[in-house]
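The values are calculated or read from the model by the stated rules, or taken from the named source; none is laboratory data. This one's a predicted model, so the numbers in the text were calculated from it and none came from an experiment. With ideal geometry, Cβ positions are generated from the backbone for all residues, glycine too; neighbour counts draw on all protein chains shown. Side chains are part of the model used for accessible areas, which takes the heavy atoms of the whole protein and leaves out ligands, DNA and RNA. Shrake-Rupley method; radii C 1.70, N 1.55, O 1.52, S 1.80 Å.
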Amino acid sequence: MPALTAILIAYNEELDLPRALASLNGVADEIILVDSGSTDRTCEIARKFGARVYTRQVDSLAEQKNYAASFASNDWVLSIDCDEELSPELRASIQAWKQQTPDRNGYDFPLITNYLGGWIRHSGWYPDHKLRLYHRGRVKFVSAVHEGIQMEGSPGHLNGHLLHYTVRSLSEHKAKLDSLSTLAAQEMFANGRKSWRAAMIFAPPWTFVQRLTFQLGVLDGRRGWLIAWLSGSYIFQKYRKLGRLLAGEKLTRRSWPSPGEA
């Protein structure tokens, strides 16, 4: 029966963190949280739930998660974000998995997002399968922004949803896109990408149309329109910032916004 370490990375997450940690009760044998300088009660709350807390400034979301996994006492790791929660069905699936001998290096399950108070079932956001349960010696996170997974073989699948409570306001969404687009531009620059103008011009409207029509965002109503618009805006921002970096400018990386930040 594999023991399981849960890892989280955090910055000013006192509003969402208790829900995430409570959902790990009875599932995780150990909890590790890496904080990037919170000024609220994040670290205090984590310790009250029995988590071991470490501090590290963010340079890459993927490396922040790999850093957290490096402190795990167990080979098997469950990574969730502070604004996520294991559904009862997913909790049961993981508990059943722990009674067996793992036959894969990693396992995924569908994520469903609550955006501005409503669940999104289209717009390219659902179904969104995330590989978050993995053997830390055989799997690692890569990419500065979207924390892609590098692993050998195909993943297994678990039932139940990972519930993602994303943003509470449009201003918070825009602040997150500002932060993420800076990380993305810096990653592209570090990888030697030179072209940006054509992508900045043509990719944003295509992204808007793709989200709204081909990915059926229109069925998500007002939220679908907002997701399509801001998805295009994110694409524009990251390529515009890449252009600034190529021109010799330095980008100021804003801190990750707190939940509900205006």
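Overview of results
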item: By accessible area with a 1.4 Å probe, ligands and nucleic acids excluded, highest first: order of Lys238, Lys140, Lys130; result: Lys140, Lys130, Lys238
item: Sorted largest first, extent of the range 169-262 alpha carbons per principal axis (Å); result: 42, 32, 16
item: Residues whose placed amide H lies under 5 Å from that of Lys130, excluding near-sequence neighbours; result: Phe109, Leu111
item: Normalised contact order of the chain, rounded percent, pairs of Cα under 8 Å and 6 or more residues apart; result: 20
item: HN-Hα J in Hz across the range 26-36 - Karplus 6.51, -1.76, 1.60, θ = phi - 60°, x for Gly and Pro; result: x, 10, 8, 8, 7, 10, 10, 10, 10, 9, 10
item: Heavy-atom accessible surface of the chain: percent carbon and sulfur, 1.4 Å; result: 52
item: Residue-wise HN-Hα coupling along the range 86-98, computed from phi with Karplus coefficients 6.51, -1.76, 1.60 (Hz; x: Gly, Pro); result: 6, 5, x, 5, 5, 4, 5, 5, 5, 5, 5, 4, 5
item: Mean residue ellipticity (222 nm) of the chain, computed from DSSP H runs ≥ 4 via -39,500 (n - 2.57), nearest 500; result: -11500 deg cm²/dmol
item: Per residue accessible area of the range 5-147, 1.4 Å probe, in Å²; result: 41
item: Two-decimal Rg/Rh across the range 1-52, once Rg and the Kirkwood Rh are taken from alpha-carbon atoms; result: 0.97
item: Among 173-185, 99-111, the order from most to least packed when residues are scored by Cβ within 10 Å on average; result: 173-185, 99-111
item: The range 1-57, relative contact order [Cα under 8 Å, separation at least 6], %; result: 41
item: Taking the range 156-234 and dividing mean pair separation by its residue count, relative contact order in percent (alpha carbons under 8 Å, at least six apart); result: 28
item: Per-residue ³J(HN,Hα) for the range 239-250, Karplus 6.51 cos²θ - 1.76 cosθ + 1.60, θ = phi - 60°, Hz, x for Gly and Pro; result: 6, 5, 5, 4, x, 5, 5, 5, 7, x, 6, 10
item: Most mobile of Ile45, Ile235, Ile201 in a GNM of the chain (Cα contacts under 10 Å); result: Ile201
